[in-house]
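Data block below; observations after.
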Amino acid sequence: MSEPAAVPAAAESAALGHFTSRRLMSLFGVVPLGTFMVYHFYFHSFSHAGAAVYDENIRRLYAQPFHLAVAFLTVYLPLAWHSVLGFIVTTRSRPNFLQFTFFRNWMYTLQRASAIGLALFIPAHLVKARFSQVFFHQPIAWEHLNEGFRSPLTLGVYALGILGASFHLANGLWNFAVDWGILVGPRAQKAGSWVAVLSFLALAAMGFWAMSGFLAK
């Protein structure tokens, strides 16, 4: 007689696990990774100050004590954790297209598409830019990035990367606010959607501004 009761209990446990995974995924995506992304765009906006200033800022950054350890704990580890949780949540998700609005369905689809794009872009970006000295024996410098962006293919890939990362974070802010009970009810969630749109535009503008500094001849 006790066996039938185990089915709803298992279903409830699975639902709880899915909900917890979503909350943790959004937390890692917004707090450490979102903060880093804003800082990343801000830091590289020094590209407009010229090669000497940019290269000096890079040198000072990488000369900081425990720089690699801090980067691992605050960026690489959260990124790996967010990616794994994102994969788990995506495989478990069963979206109900009758439950959400047309706009939110598009946001759901674009969030998953941008995640796939970033899963391809971020490793390539790390190899090309962050670890260029290891893989290509080139120091990380303004001239190196200026030369790279002369390729239309590289420029296009980075433009898509900026758009994808900006959208993924901006829409992730909305998901974070919903998952953590900050946006409750249709009116609050609609207002949050506008905040997400404005966040996307601001982030994309920061990213393109930073990249444009490397396009000077």
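Quick notes
- Radius 14 Å from Cβ of VAL157, net charge of other residues (Lys, Arg +1; Asp, Glu -1): +2
- Calculated FRET efficiency, PHE87 to LYS190, Cβ-Cβ distance, R0 = 35 Å: about 0.75 to the nearest 0.05.
- Spin-label model, THR35 to LEU120: label points 7 Å out along the Cα-to-beta-carbon direction sit 3.2 nm apart.
- For the stretch 147-161, Karplus couplings with θ = phi - 60° (6.51, -1.76, 1.60), whole Hz, Gly/Pro x: 5, x, 6, 6, 7, x, 5, 4, 4, x, 5, 5, 4, 5, x
- Label point distance in nm, ALA129-ALA51, each placed 7 Å from Cα along Cα→Cβ: 1.9 nm
- Largest-first ordering by accessible area, 1.4 Å probe, given options ASP179, ASP55: ASP55, ASP179
- FRET efficiency, 1/(1 + (r/R0)^6) with R0 22 Å, evaluated for TYR42 and TYR76 via beta carbons: 0.65
- If R0 is taken as 45 Å, the Cβ-Cβ distance between SER212 and TRP180 corresponds to a FRET efficiency of 0.80.
The values are calculated or read from the model by the stated rules, or taken from the named source; none is laboratory data. A quick note: this is a predicted structure, and the numbers were derived from the prediction, not measured. In this analysis, Cβ positions are derived from the backbone assuming ideal geometry, glycine residues included, and neighbour counts consider all displayed protein chains. To get the accessible areas, we keep the full protein, side chains included, count just its heavy atoms, and leave off ligands, DNA and RNA. Shrake-Rupley method; radii C 1.70, N 1.55, O 1.52, S 1.80 Å.
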